[in-house]
Structures are given as structure tokens and as C-alpha cells.
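Chemist: This is the structure, below, for whatever I ask next.
The values are calculated or read from the model by the stated rules, or taken from the named source; none is laboratory data. The model shown is predicted, which means the values in this text are computed figures rather than measured ones. Every residue, glycine among them, receives a Cβ derived from its backbone with ideal geometry; neighbour counts consider all protein chains shown.
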């Protein structure tokens with residue numbers, strides 16, 4: 001993976017500005033991420049998505065509150081022209097947002113871990129997300145290449 005070192009360097013630079021205080025405060029965390037320039041934002045959001053999904057699937061991504069950025073990550077995937085991953089994440093968001101909340105309410109409920117089916121490991125939701133995990137794993141290299149091209 002020719003872009004991995006570049007992505008890792010960009011990611012390490014981006015997370016220098018984050019600390020536990022930021023990650024525990026919805027407004028601080030979102031303000032920080034939204035203040036990043038586009039390449040930094042893409043690096044952070046795509047790297048978080050990849051790390052969480054690769055290690056524990058989409059369920060982990062949302063359960064660990066990183067899914068609070070899922071809709072923003074969609075925007076980034078579109079800008080990166082990562083269309084297949086965009087489609088997968090879009091479907092995942094629709095599955096997880098079964099209450100059909102607006103984006104802000106959805107982000108907050110994910111951040112606060114207040115989505116019953118997610119925190120209680122609902123079998124139907126878990127099984128559905130597991131299928132998307134398999135699709136993601138097939139496209140993981142695409143994400144890394146798309147991000148690498150976008151930030152270089």
C-alpha cells in the first residue's frame with residue numbers, strides 16, 4: 001500500500017490536537033473535526049472508519065461513538081470519489097438510524113450511546129451490520145487508495 005505512510009503521517013498530525021477532553025465532549029469533538037481543512041478531515045474520518053470497522057465492524061464504529069461522524073464521513077467519501085464505500089456506509093447509516101432521526105439528533109444519540117438496538121446488541125441489527133462488514137473488507141484497499149490519492 002503505497003499511501004499508508006502518508007496517511008499515517010497525516011493522521012498523527014491531525015490527532016495531536018485531540019485529547020480526552022475533546023473526545024468526551026460532543027461539541028468540542030465536533031468543533032475540532034469540523035475545523036479541520038478538507039484533507040485533514042478526510043484523513044481523520046476515513047482512518048477512524050477504517051480502524052473501527054476493520055477491528056470490530058460497523059457495530060464497533062457506532063458503539064464507540066465514532067459513528068457520530070458517519071454522515072460527515074459520507075460527504076468525505078463522495079469528495080474522495082469512493083463511491084462503492086459511500087453506498088455501503090449510506091446503507092449502514094439507514095440500518096442504524098432505524099428511528100429515522102435527523103442528522104443532529106442521530107449524531108447525539110450515537111455519541112451518547114443511547115440507541116437501544118445498538119447498545120443491546122440486537123440480533124437483527126448486528127446480523128445486518130455483519131453483512132456490510134464483509135462488503136467493507138472487500139473494499140478496504142480501495143478506501144486507502146482513494147484517501148491516499150485525495151490527500152497527496
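Chemist: With the structure loaded, tell me whether residue 88 is under 13 Å from the mean Cα position of the chain (by Cα) and farther than 22 Å from residue 15 by Cβ or whether it fails that test.
Modeler: Values: under 13 Å from the mean Cα position of the chain (by Cα): yes; farther than 22 Å from residue 15 by Cβ: yes.
Against the criterion (under 13 Å from the mean Cα position of the chain (by Cα) and farther than 22 Å from residue 15 by Cβ), residue 88 qualifies.
Chemist: Checking residue 12 against (1) surrounded by 15 or more Cβ atoms within 10 Å (Cβ to Cβ); (2) closer than 25 Å to residue 136 by Cα, which single condition isn't satisfied?
Modeler: Every condition holds for residue 12 apart from (1).
Chemist: Residue 58: crowded, with 18+ Cβ neighbours inside 10 Å, under 15 Å from residue 29 (Cβ atoms), within 10 Å of the chain's Cα centre (by Cα) and at pLDDT 95 or above, yes or no? Don't jump to the end; show me each part of the working.
Modeler: Details: crowded, with 18+ Cβ neighbours inside 10 Å: yes; under 15 Å from residue 29 (Cβ atoms): no; within 10 Å of the chain's Cα centre (by Cα): yes; at pLDDT 95 or above: yes.
No, not satisfied.
Chemist: Are any residues in the range 94-144 out of contact with any helix residue (DSSP H, G or I) (no Cβ under 8 Å at 6 or more places or on another chain), closer than 17 Å to residue 53 by Cα and either touching a residue at least 60 places away in the same chain (Cβ under 8 Å) or not in a helix (DSSP H, G or I) (or both), and if so, which ones?
Modeler: If the condition is that a residue be out of contact with any helix residue (DSSP H, G or I) (no Cβ under 8 Å at 6 or more places or on another chain), closer than 17 Å to residue 53 by Cα and either touching a residue at least 60 places away in the same chain (Cβ under 8 Å) or not in a helix (DSSP H, G or I) (or both), then 141 is the only one that fits.
Chemist: Residues 52, 40, 60: which one is free of Cβ contacts under 8 Å to residues at least 12 places away in the same chain and in a helix (DSSP H, G or I)?
Modeler: From the options 52, 40, 60, the qualifying one is 60.
Chemist: If you check 27, 34, 64, which single one turns out to be within 29 Å of residue 135 (Cβ to Cβ) and surrounded by fewer than 12 Cβ atoms within 10 Å (Cβ to Cβ)? Break it down stepwise before answering.
Modeler: Working: 27 fails: within 29 Å of residue 135 (Cβ to Cβ); 64 fails: surrounded by fewer than 12 Cβ atoms within 10 Å (Cβ to Cβ).
That would be 34, the only listed residue that is within 29 Å of residue 135 (Cβ to Cβ) and surrounded by fewer than 12 Cβ atoms within 10 Å (Cβ to Cβ).
Chemist: What single numbered condition from (1) surrounded by 14 or more Cβ atoms within 10 Å (Cβ to Cβ); (2) assigned to a helix (DSSP H, G or I) fails to hold for residue 21?
Modeler: Of (1) surrounded by 14 or more Cβ atoms within 10 Å (Cβ to Cβ); (2) assigned to a helix (DSSP H, G or I), only one is false for residue 21: (1).
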